[in-house]
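One structure is given below, encoded as structure tokens.
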Amino acid sequence: MTGQPGVAAVTAGPGVTDAVTAVANAQRAQSPLVLLGGQGARLLGPFGGQDRGALQDMDHVQLLRPITKWAVSVPEARRIPDYVQSAFRVATTGVPGPVFLELPLEVLMGGCRDRDLVEYPGSRSAARPCPDPRAVEQAAALLRAAERPLLVVGSQLRWTAWPEALAAFLEAAPVPTFLNGMARGWLPRAHRCHFQRVRSKALAEADLVLLVGTPPRLRLGYGEKIGPATKLVQVDLDGAEIGRNRTVDVGIVADAGAALLALRDALGPAACERAEWLRQVAEQDAAAVARTRAQAESDEEPVNPLRLCAEVNRFVDAKTIVIGDGGDFVATAAYLLDVEGPGSWMDPGPLGTLGVGPGYALAASWRGPTTA
Ligand SMILES: Cc1ncc(C[n+]2csc(CCOP(=O)(O)OP(=O)(O)O)c2C)c(N)n1
């Protein structure tokens with residue numbers, strides 16, 4: 001909610017195992033999280049010792065390693081600041097994600113002299129990965145040549161240092177745009193380029209797709225919803241994601257906002273207005289809304305989910321944070337609710353964990369200044 005890493009502290013053994021689903025959810029959602037876990041005494045003594053059957057003793061690091069960017073046991077008290085700094089650096093650098101720090105009993109209780117503490121001021125850089133200019137030029141050339149370009153922006157936009165980039169890009173290149181995941185709400189519903197209903201049809205009809213901060217996975221039919229002859233420009237924070245599931249014509253490794261601004265600048269005054277194509281998608285979207293109008297106004301019982309969402313939507317404004325927790329219902333709500341602003345939409349994410357709602361609601365109630 002704040003744009004800063006979440007922090008949780010849990011007891012050894014069952015505390016750590018109870019946190020596993022949440023950590024896995026954060027990993028798939030690319031959310032920064034620092035999990036601090038207890039651990040019994042590693043050294044022989046009155047509190048036991050490693051592998052001697054102490055209460056709550058288990059190998060946490062091995063359990064957490066596949067679902068974190070980094071899982072480690074802090075070896076000595078004087079290095080706690082050093083490891084905590086590294087935990088935050090790893091959680092927030094590149095693709096954000098969860099980190100696990102185990103703190104064994106003697107590390108927590110042993111203490112050390114202040115002058116022995118190891119720490120490094122300035123241990124994190126706020127710099128964001130910016131795109132390779134050659135790739136930007138290639139993408140701009142494709143965009144200039146395209147007759148039916150389409151923009152799909154996903155969750156990585158949440159972490160951009162340039163929150164104004166999406167609107168700025170669309171000023172220069174007003175192309176039909178669909179938002180998913182944590183990018184929902186970043187354009188007002190009434191924005192002339194913003195559509196919600198006909199993504200699959202638009203993907204099939206476009207001759208160029210700009211996929212920004214969202215991989216071609218399940219929601220995009222693993223790339224198959226994009227027509228076979230369609231050109232694809234993919235922007236991702238993680239270069240290893242580019243080309244997954246579908247051939248890519250240009251790959252750009254970068255912060256989503258930085259890439260959009262660089263593309264806008266590369267387009268220059270040769271604006272990419274495609275009025276006829278924009279009108280076509282707008283008409284299809286309006287027709288899709290009209291097709292569901294009867295359900296959105298239906299009095300049937302049990303209540304139609306579209307009707308429920310239409311009623312809830314009357315209470316959604318720029319201050320509302322909507323939390324979707326469920327299966328099909330989340331998809332219905334995503335179609336119908338006019339959320340507005342960064343962080344105004346939260347859903348279970350790619351791991352699809354039911355039950356995230358109460359935790360998300362707690363976070364939403366503590367919402368601090370939004371940094372993105
Ligand atoms: C913790 C967890 N348990 C089980 C599932 C599997 N699952 C996915 S959707 C679903 C049904 C959800 O029903 P509901 O919350 O009523 O939402 P609906 O799909 O009916 O809108 C289940 C059990 C899951 N994703 N997460």
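Using Cα pairs closer than 8 Å and at least 6 residues apart in sequence, work out the relative contact order for the chain, in percent.
Numbers: 723 pairs, mean separation 64.3, N = 372.
Reported as a whole number, the value is 17 percent.
Taking the protein heavy atoms of region 311-372 in the context of the full set of protein chains, the accessible area attributed to carbon and sulfur is 62 percent at 1.4 Å. Where a ≥ b ≥ c are the square roots of the eigenvalues of the C-alpha gyration tensor, would you call region 6-116 rounded, which needs a/c under 1.5, or, failing that, prolate if a/b is larger than b/c, or oblate? Oblate, because a/c is 1.5 or more while a/b does not exceed b/c. Using only the C-alpha atoms, the convex hull of region 155-299 corresponds to 118 Å³ per residue. Of all lysines in the structure, not one lies under 26 Å Cα to Cα from Lys319 without also being fewer than 8 positions from it along the same chain. For the chain, the residue among Leu211, Val23, Thr92 whose Cα projects farthest onto the positive side of the dipole built from Cβ charges is Leu211. Under 16 Å Cα-Cα from Lys225, which lysines qualify once same-chain neighbours fewer than 8 residues away are excluded? Answer for Lys225, where 16 Å is the Cα cut-off: Lys201, listed by chain and number.
GNM remark for the chain: springs join alpha carbons under 10 Å apart, and the peak mean-square fluctuation among Pro176, Pro342, Pro14 falls on Pro14. With a 1.4 Å probe and all protein chains left in place, how much of the accessible area of region 133-284 comes from carbon and sulfur atoms, in whole percent? Whole-percent figure for carbon plus sulfur exposure: 53.
Just the accessible area per residue of region 297-367, please: how many Å² with a 1.4 Å probe?
Values: 4120 Å² over 71 residues.
I get 58 Å² per residue for region 297-367.
Per residue, region 6-116 exposes an accessible area of 50 Å² to a 1.4 Å probe, with every protein chain left in place. Note on the chain: dipole from Cβ charges, positive end direction compared against Ser73, Tyr120, Tyr83; the farthest Cα belongs to Tyr120. Here each label is just a point 7 Å from Cα along the line to Cβ, and for Glu224 and Gln62 those points are 3.9 nm apart.
In terms of packing, defined here as the mean over residues of other Cβ atoms within 10 angstrom, the peptides 249-258, 317-326 line up highest first as 249-258, 317-326. Among the GluC sites (Glu not before Pro) found in region 21-122, those both in a DSSP coil and sparsely packed, with 16 or fewer other Cβ atoms within 10 Å of their Cβ, are Glu76, Glu119.
Of the trypsin sites (Lys or Arg not before Pro) found in region 1-91, those that fall in a DSSP loop while having at most 13 other beta-carbon atoms within 10 Å are Arg52.
For region 243-372, give the magnitude of the charge dipole about the Cα centre (Cβ charges: +1 Lys/Arg, -1 Asp/Glu; no others), in debye to the nearest 20.
Values: 11 positive and 18 negative charges, 73 e Å.
Dipole size: approximately 340 debye.
Dipole of region 297-367 (Lys/Arg Cβ +1, Asp/Glu Cβ -1, origin at the Cα centre): which of Gly352, Asn313, Pro342 lies farthest to the positive side? Looking along the dipole axis, the top candidate is Pro342. Positive contributions from Lys and Arg (+1) and negative ones from Asp and Glu (-1), summed over other residues with Cβ under 15 Å from the Cβ of Leu218, come out at +3. Over region 129-204, Cα pairs under 8 Å with separation of 6+ residues give a relative contact order of 30 percent.
Kirkwood hydrodynamic radius (Cα pairs, Å) of the chain? Display every interim value, and only then the final one.
Values: mean 1/r = 0.0442 Å⁻¹.
Kirkwood radius, the chain: 22.6 Å.
Distance from the C-alpha centroid of region 288-348 to that of region 193-248: 25 Å, rounded to the whole angstrom. Placing unit charges on the Cβ atoms only, positive for Lys and Arg and negative for Asp and Glu, gives region 178-231 a dipole magnitude near 240 debye about its Cα centre. The charge dipole of the chain, taken about the Cα centre with unit charges on the Cβ atoms of Lys, Arg (+1) and Asp, Glu (-1), comes to about 380 debye, rounded to the nearest 20. Between region 125-190 and region 43-119, what is the C-alpha centre distance in whole Å? Each part reduced to its Cα centre gives a spacing of 39 Å. Here is the list for region 236-276: GluC sites (Glu not before Pro) lying in DSSP coil, each with at most 15 other C-beta atoms within 10 angstrom of its C-beta, are Glu273.
The values are calculated or read from the model by the stated rules, or taken from the named source; none is laboratory data. Note that the structure is a prediction, hence the values are computed from the model and not measured. Reconstructed Cβ throughout: ideal geometry from the backbone, glycine too, with neighbour counts over all protein chains shown. SASA here: full protein model, heavy atoms, side chains in, ligands and nucleic acids out. Shrake-Rupley method; radii C 1.70, N 1.55, O 1.52, S 1.80 Å.
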